[in-house]
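Just so it is clear, none of the values below were taken in a lab; they were calculated from the coordinates. Model, not experiment: these values are computed from the prediction. Cβ placement follows ideal geometry from the backbone for every residue including glycine, while neighbour counts extend to all protein chains displayed.
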Amino acid sequence: MDFELSDSQKEIRTAVAATCARFGNDYWRSCDERNAYPDEFVKTMSEAGWLAALIPQEYGGAGLTMLEASLILEEINHSGGNAVACHAQMYTMAAILKHGSAEQKARCLPRIASGELRLQSFGVTEPDAGSETPRIKTFARRDGDSYVINGQKIFTSRYQHSDMLLLLTRTTPFDQVKKKTDGMSLFLVDIKESGSALKAVPIATMVNHGTNQLFIDNLVLPRAALVGEEGKGFSYLLSSLNAERILVASESIGDGRWFVEFATQYANQRRVFDRPIGMNQGVQFPIAKAHVSVQAADLMRFNAAARFDAGVSCGGEANMAKYLASEAAWEAGEAAMTTLGGYGFTKEYHVERKWREARLYRTAPIANNLVLSFVAEHLLGLPRSY
Ligand SMILES: Cc1cc2nc3c(=O)[nH]c(=O)nc-3n(C[C@H](O)[C@H](O)[C@H](O)COP(=O)(O)OP(=O)(O)OC[C@H]3O[C@@H](n4cnc5c(N)ncnc54)[C@H](O)[C@@H]3O)c2cc1C
């Protein structure tokens, strides 16, 4: 088994790092303070073709593998940045490529690949359903050749910075399906054409994430907006969810590396009691332990991405990678906060921002408790706990 990156994969890492270096920690701090979308960064990454990593070459994309795409997002976070601004376009791709119609692909993919169109918004979570996705109530009713959609989503991120929204609805009510994951459908929504049928209300959060409540009032969509077959949306979603877990894990690995490197450098330089604080085992062990955790999570990410790319089942590995990486990044963030003492709290040193950002991935896109429930039930055969 070979865990070494190929030369071309190493080149991707180096090239992405070089692009990200043009947007340093101060750029990201400024976006965070202004709660502003990192538009210049996203444009630069689009123009360089990195955000079209998973779009096949026949549609103008780079046609890279999941592993390669994950390296791109890892480097963004490793540089001090935050890939949330642009990651959705990668993980939504799995559902579109596998289940979208030829017309949808021909219409959208070349324009997404060129950066003309952004598919950055993904509407799954609802206030009353929470982690139990099958309980969503947003409903798409067939009306001749159209669907009329009503409902409400919550935490719909990047809506104001996206041209398209991938939307999960019910097309058969929860109490009328045999299996609770049946009867849901996925739609590719053109936000601008939706007019006043979609209303987004921003939610203030502790991270610069541009997330929203989304109210859907008689949104009329043509049948051409339906992805794949009606009622099978949840199974389509799963291909994107595995991609999402692997990509988010990679961002956490990037965060973890940033924290470990930042803390190491600081611990070597900061002198208290007439010696570098890094000489104290109480300071160096948490950093070393976090490094071990990040490296271990990286191996699971490789495993999950390799399985995804080989087209074999990877749900367990993708979930475990997301769990290990988000916990490792949090451990590394805590180690960095402790290492910096009072300076960890100052915005000038960037650690507090990365610490807030890293915390999100223990909760979203799936709460780590739910990952453990998945592992217990599906990998270990323990009784279903909910
Ligand atoms: C900044 C931000 C951005 C987001 N962006 C998006 C987005 O773009 N699109 C989108 O669709 N969603 C998005 N989300 C939503 C995110 O995926 C959910 O918040 C997450 O899945 C958890 O759902 P919930 O908040 O409803 O928590 P709940 O389901 O209410 O859970 C609350 C707590 O209870 C625990 N819990 C619940 N049930 C169980 C159980 N059976 N066993 C053990 N523990 C349990 C959970 O682990 C969690 O800790 C975003 C969230 C945030 C905070």
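Descriptive notes on the structure:
- log₁₀ of I(q)/I(0) at q = 0.11, 0.14, 0.27 Å⁻¹ - the range 237-319, Debye sum with one point per alpha carbon: -0.42, -0.57, -1.18
- In a fully extended conformation the segment linking ALA18 and LYS98 would gain 25.6 nm over its present Cα-Cα distance, using 0.36 nm per residue.
- With viscosity 0.692 mPa s and temperature 37 °C, the Kirkwood radius over alpha carbon pairs of the range 7-118 converts through Stokes-Einstein to a diffusion coefficient of 228 µm²/s.
- Separation of the SER114 and ASP274 label points, Cα + 7 Å toward Cβ, nm: 6.9
- The fewest-to-most ranking of ARG362, ARG142 by surrounding Cβ atoms within 10 Å reads ARG142, ARG362.
- Each of GLU251, GLU11, GLU244 has some number of other Cβ atoms within 10 Å of its Cβ, and from fewest to most they run GLU11, GLU244, GLU251.
- Near-label residues of the range 9-50 by backbone N, under 13 Å of a point 7 Å along Cα→Cβ of GLN265: 21, 24-26
- Summarising the label geometry, the points placed 7 Å from Cα in the beta-carbon direction at GLU58 and GLN281 lie 6.1 nm from one another.
- Adding -39500 (n - 2.57) for every DSSP H run of four residues or longer, then dividing by how many residues the chain holds, sets the calculated 222 nm ellipticity at -15500 deg cm²/dmol.
- Counting neighbouring beta carbons within 10 Å and listing from fewest to most, the residues SER250, SER70, SER373 come out as SER373, SER70, SER250.
- Each Cα pair of the range 96-213 feeds into the Kirkwood radius, which the Stokes-Einstein equation turns, at 25 °C and 0.890 mPa s, into a diffusion coefficient of 160 µm²/s.
- Rounded to 0.05, the FRET efficiency of the VAL201 and ARG34 pair, given R0 = 22 Å and the Cβ-Cβ distance, is 0.65.
- Among LEU54, LEU237, LEU117, the largest mean-square fluctuation in a Gaussian network model of the chain (Cα springs under 10 Å) belongs to LEU117.
- Over the range 184-256, Cα pairs under 8 Å with separation of 6+ residues give a relative contact order of 39 percent.
- Sites ASP128 and ARG107 - FRET efficiency at Förster radius 25 Å, r taken between beta-carbons, to 0.05: 0.15
- Taking GLN57, GLN176, GLN104 in turn, the Gaussian network model of the chain (Cα-Cα springs below 10 Å) assigns the largest fluctuation to GLN176.
- Modelled spin labels at SER146 and ALA224, positioned 7 Å past Cα toward Cβ, are 1.5 nm from each other.
- Across LYS153/LYS347; LYS199/LYS347; LYS98/LYS180; LYS105/LYS322, pairs whose alpha-carbon gap is larger than 26 Å: LYS153/LYS347; LYS199/LYS347; LYS105/LYS322
- Inverse mean reciprocal Cα-Cα distance (Kirkwood Rh) of the chain, Å: 21.6
- Hull shadow area, averaged, the range 76-141 [alpha-carbon convex hull, nm²]: 6.8
- Efficiency of FRET from Cβ geometry, LYS289 and LEU5, R₀ 22 Å, rounded to 0.05: 0.30
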